[in-house]
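I have placed the structure first, in the form of structure tokens, so that the comments after it can refer back to it.
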Amino acid sequence: MKKTRHLHLPRVCFVLVLAVFLIADLPGLVGWKTPYAQPSQRLADDNVTGISQAAPFAVEQEESDESEVTLDAVHTISRVSFSSYGGHGAALYTPGEDSLKSNSVLHSLYEKMKAAAYMVANEEGENGYAMAPVRIQNEKLSSGEIGLCLSLLANDCPEIFWMSRRYSYWYEGNDTVVQLYAYVSGNRCERMLNQVKEVVDGVIESLSPGLTELQREQQIYQWLAAHCTYDRDVNQVADNWHSYAAVGSLLDGKAVCEGYARALQLLLSQAGITCRSVTGTAEGGGHMWNMVKLGNNWVHVDLTWDDSGDEGPLYRYFNLPDTILQQTHTLSPDYTKLSEEELDENDGLLNAPVPACNEDTYTYYRNFGIRVTESGEEKTEVVEAMVQAMQAGNRTVALYIPEELDYDEMIDEIFRSSGNRFMDEVAQANWQGADISYSDCVYYCLQEERGVCIMLRN
């Protein structure tokens, strides 16, 4: 008997309407103060329905003629070499594969799956476009073990975007035979891979020479936010599999959380920055985001929840430590801590072992925000930033309120007091041709990060 299983990786990327809290004393100027203790407050243009996903299932079928394809029936996809930043080289990181090296059988299955992913049939079968079959001799593997290897492979290799989460497996004597499937034909896979390469190479080559890791990360983060929007028209992979893969973000310009995370992972890796995709839950639904290694420290980034659309990223979920991210997000379990039964019952929401994220010095506002002073000597810099923002069309200005200043008192002084600093700065910027409407501007407070995001409007 052949068993076909659908492995479901996270399909939920919640985008909730922001509950706006009016905190300004002045008419027209709106202040949004959203501490992380209120995780449901998510900036968006309008409501987006969460995408729920059922548990995986296995269907026993009579073995058919297409249960195993021959090597003569597949198209071998030519592997590409993406551009990498400067002399750094790509930061290829495969935590899933690394975690399997202590288990020779599962590590062999992982390696064979990865090789099979580049050998895809051009003729569609019942379950999709079959890849070259994988055989593990003298081992009867469980569906949980097979699904684990497929999950880890997908999370390690965002460039293999055509690989579906469906697989079949059966036993021949003491051997296990695994059949993977692609969404599209081998020929189509190769054409799309070259298109992805063109986009990735363009982004990497556009980075200025001599940038730090943090600067590269921020520029790529901003590029992807500008290039991609949340796909609100899909409810499941069958609606548009592109949105659940890097190809959705990079070629189509629309994706759900998986598409954002896998595209960011691919781009940062080619920029010489170690990055991985992780699964978990956010607001009760399955979700995917990234972890990034800067120097010797790991941080969390979630571009899906950070992308506000036309306004650009708000950098609320940029390089966060565990202490902040855990107020809204929960990581899926470490698969090495699951029992065999738990592994078989898992719905694809699992991770290879993840490191702790204890560093809070890489947040956006601390590193890129204009440093606020008690005396207001940063005024000239703020005005210049406003003028440049309006000219560039990004319409945002970031402030950083250092720890030695009282955060709430400075918010009052900058935005809410009579004749406040911001009113004067807008007037000065307009005198220089910025054309900013003071009454339509908003500011967004990120107290945990000591940041303020000002959104300029005209």
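Based on Cα atoms of segment 158-211, Rg over Rh with Rh as the Kirkwood radius reads 1.26.
Annotation note: GluC sites (Glu not before Pro) in segment 135-197 located in DSSP loop regions with a Cβ neighbour count of at most 16 within 10 Å are E139.
Residue exposure proxy: E217, E283, ordered by other Cβ atoms within 10 angstrom of their Cβ from fewest to most, comes out as E283, E217. Have a look at the DSSP beta bridges in segment 315-458 and tell me what percent are antiparallel, nearest 5. DSSP beta bridges in segment 315-458 are roughly 75 percent antiparallel. Normalised by residue count, segment 365-455 yields a Cα convex hull volume of 88 Å³ per residue.
With charges set only on the Cβ (+1 for Lys and Arg, -1 for Asp and Glu), what does the dipole of segment 365-455 come to about its Cα centre, in debye to the nearest 20?
Computed about the Cα centre, the dipole is about 400 debye.
Each reported figure results from applying straightforward, stated rules to the coordinates on display, with no laboratory input. Owing to the predicted nature of the structure, the values given are computational and were not obtained by experimental measurement. Reconstructed Cβ throughout: ideal geometry from the backbone, glycine too, with neighbour counts over all protein chains shown.
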